[in-house]
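Below you'll find the structure, written out as structure tokens, and then a few comments.
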Amino acid sequence: MGTFPDIVVDPYLVCLPRPCQRPEQLDDFVNSLLAWSELLQGDRVRTLFPESCLQSLMDEGHYPYGHELKQMAKRLGSAHISDDFVCRVAQDLLDRTPTLEEHCSIGLVIFDEESCHIEPEIYLTRLTGSTRYGFKHGLAIVACFQQKNSESSFLLASAKSSPEEAFREEVVRISAHIEQLDAKTDAEYWSKILPVGVDHSLPVAFSHNSVLEYLGCLRLWGTAQSPDDAQDAIATRIEELLAIGTGDRSAVKTFRVGEQFLASARQNAFGSRTDLAMNLIESSARIAVGVPKHPVEEFREDERPSSAQRKRADGAVAWRTHLTKHGPGFRLMFWELRDGTIELANVGTKFELEIL
């Protein structure tokens, strides 16, 4: 896992707010764009923009801004905004950014529209016309690329909009039935598996600083060699959650990492894939904080609903929670000791009735 994942730019990041009725709307747009400019224009990361969105941004009048930004700032009394500087930042971003299609060597993806779902939907509904479809197509390219290259990692550079509650999970998910695609490489691979269903979760960050926060626990996780190392990564995410107001520090449970936890995670790709790794770290941290990402259910002796909850000789009781709900349906298994301590046990599929 590299220090930085490849960053895909959400076209919403460069779209002027329309309609723009309040100075705060314009300030949010400018601040979001500027917050990304340093990282996206530097050499430390590979920044990618969906080519399928470039022409539509111009056709629909989202870019270039022309005099619209200056007139908008004047109308709203936002004299502090330098329209020339903002325009240069946006131009540099779009002119210097390689296209997602070029990087992934996938020019076109044809998918069944009814099967294609983006969650949360707000990432699409706040865009218009061809830009909306272009972004959906870009996410489908990412999903297809990672279907073949599971070791690759991507992160979406985006900006929040109203309602902000929709962005609480900081992840966007795409699922679709892929019928055909134009692959510049790996044509033989795709000819053997198409048509195929894809289901992919893409982590989202909303500023340069949030990328660094995001990478804090990921960097620790990526280099973890022991249960203590894995525990440090999860503890880092716990601190980040508390800092943004998720949970109460007084209610955080003591936790530890079982001897097989890290190995089982890596065996199921939760070590090599950034999106899955962050999913597991986040889910583990939220269990300790007391705000689980998904419902927590009893781990029973067998599949019967009437079966008893599994217990260990020391009195610890077994629990499980979903990590992914599609495909293999990965789950996180953990023990809760008599004193309330959480012991993260292992990762497995929904077909495995095993807690280590």
Legend entry - region 185-210: number of residues that are buried (at least 19 other Cβ atoms within 10 Å of the Cβ) and closer than 12 Å to Cys144 by Cβ: 3
Legend entry - Selection within region 186-238 - among the β-branched types (Val, Ile, Thr) and out of contact with any Ser or Thr (no Cβ under 6 Å at 6 or more places or on another chain): Ile193, Val196, Val198, Val211, Thr223, Thr236, Ile238
Inset, instruction - Could you check region 104-157 for strands (runs of 3 or more DSSP E) lying wholly inside it with 3 or more residues that are of a type in the set (A, V, I, L, M, F, W, C) and surrounded by 17 or more Cβ atoms within 10 Å (Cβ to Cβ)? - result: 106-111, 154-157
Inset, instruction - Answer yes or no: is there a residue in region 269-286 that is in the same structural domain as Trp335 (by TED's automatic domain parsing) and within 19 Å of Arg338 (Cβ to Cβ). - result: no
Legend entry - Which numbered condition Leu39 misses (of (1) among the aliphatic types (A, V, I, L, M); (2) modelled with pLDDT of 85 or more; (3) closer than 15 Å to Ala159 by Cα): (2)
Inset, instruction - Could you list all residues from region 153-202 that are without any contact (Cβ under 8 Å) to a residue 12 or more places away in the chain and under 20 Å from Thr274 (Cβ atoms)? - result: Arg168
Inset, instruction - Return a yes/no flag: does region 213-226 have any residue that is surrounded by fewer than 23 Cβ atoms within 10 Å (Cβ to Cβ), touching a strand residue (DSSP E or B) at 6+ places or on another chain (Cβ under 8 Å) and among the hydrophobic types (A, V, I, L, M, F, W, C). - result: no
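This table checks each residue for (1) surrounded by 16 or more Cβ atoms within 10 Å (Cβ to Cβ); (2) basic (Lys, Arg); (3) over 23 Å from Ile174 (Cβ atoms).
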position	(1), (2), (3)
Phe255	yes, no, yes
Asp275	yes, no, no
Ser283	yes, no, no
Phe299	yes, no, yes
Pro305	no, no, yes
Trp319	yes, no, yes
Legend entry - Single unsatisfied condition, Arg126 versus (1) under 16 Å from the mean Cα position of the chain (by Cα); (2) at negative phi: (1)
Legend entry - Candidate set: region 281-323, residues that are over 29 Å from Glu239 (Cβ atoms) and outside any loop (DSSP other than H, G, I, E, B); chosen: the one modelled with the lowest pLDDT: Arg300
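Just the residues that are in a helix (DSSP H, G or I) and either hydrophobic (A, V, I, L, M, F, W, C) or modelled with pLDDT of 95 or more (or both), please, taken from region 176-196.
Passing the criteria: Ala187, Trp190, Ile193.
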Legend entry - Positions within region 84-101 being closer than 16 Å to Leu57 by Cα, touching an Asp or Glu at 6+ places or on another chain (Cβ under 8 Å) and assigned to a helix (DSSP H, G or I), in sequence order: Leu100
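Of the residues Arg75, Arg46, Arg18, which is in contact with a Ser or Thr (Cβ under 9 Å, 6 or more places away or on another chain), basic (Lys, Arg) and either outside the structural domain of Ala277 (by TED's automatic domain parsing) or surrounded by fewer than 22 Cβ atoms within 10 Å (Cβ to Cβ) (or both)?
Arg18
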Inset, instruction - Would you mention how many residues in region 133-162 are at pLDDT 95 or above and either among the basic types (Lys, Arg) or not assigned by TED's automatic domain parsing to the domain that holds Leu108 (or both)? - result: 1
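The values are calculated or read from the model by the stated rules, or taken from the named source; none is laboratory data. Fair warning: this is a prediction, and the values are worked out from it, not measured in the lab. Positions of Cβ are backbone-derived with ideal geometry, glycine not excepted, and every protein chain shown enters the neighbour counts.
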